[in-house]
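Let me begin by presenting the structure, written as C-alpha cells, before commenting on it.
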Amino acid sequence: STHQTPEIEVEPVYVNLALERHDVAITAVDIEPILSPAGNVSTDRMKLLAVVENKGTQPATGLTLRVCLSSSSDDETLVSSAAAIDDLVPGESRVMRFDTPAGLPLRSTYTLKTELSPVPGEVNIANNTRSYQLRVAVLPN
C-alpha cells in the first residue's frame, strides 16, 4: 500500500508592518562653539544641538530628550539637561537646542551624549542614543 501525504493548501497572510510603525530617533548631534572676535572658542555660550526625527508612521508625543555634556578626559559632567517633545508627526525632524551655563570650564575634548525616550511599541531603540565628541585645539600664543 502506498502512503500518500495529504496536500495542505496554505493561504498566504500578508501583514503590512508599515501601518503601525513606532520609531523615534536622534539623527544628528552637534556642539556649536561660539568663537570670540579673536577666533578663540568661548565656553560662555556654547550650544548643544540634537535633531530628533519621527521615523515611524504614527505621531509621537510625550518624549523626553536628555543631553549630557562631559569632559572626555575625566568624565566630569559639565551640563545635564532635558526637554519634553510633543506632537512630532511622522517624517518630522525637530532641532532641539540647549544653552550651556556661563563659565563652562575649558577642556580639550568634550563628549555630548544624547538619549531619547522610546515611544510605546518602539521598533528600533538603537537609534535613540547618540554621542558626539568635540576637540578644541588650543593654539599657543
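Using a simple spin-label model with pseudo-atoms 7 Å out from Cα toward Cβ, residue 82 and residue 136 lie 2.8 nm apart. Rounded to 0.05, the FRET efficiency of the residue 9 and residue 124 pair, given R0 = 25 Å and the Cβ-Cβ distance, is 0.10.
Only the coordinates and a few stated rules stand behind these numbers; no lab work does. What you see is a predicted model; the values in this text were computed from it and never measured. All Cβ positions, glycine included, derive from the backbone under ideal geometry; neighbour counts span all protein chains shown.
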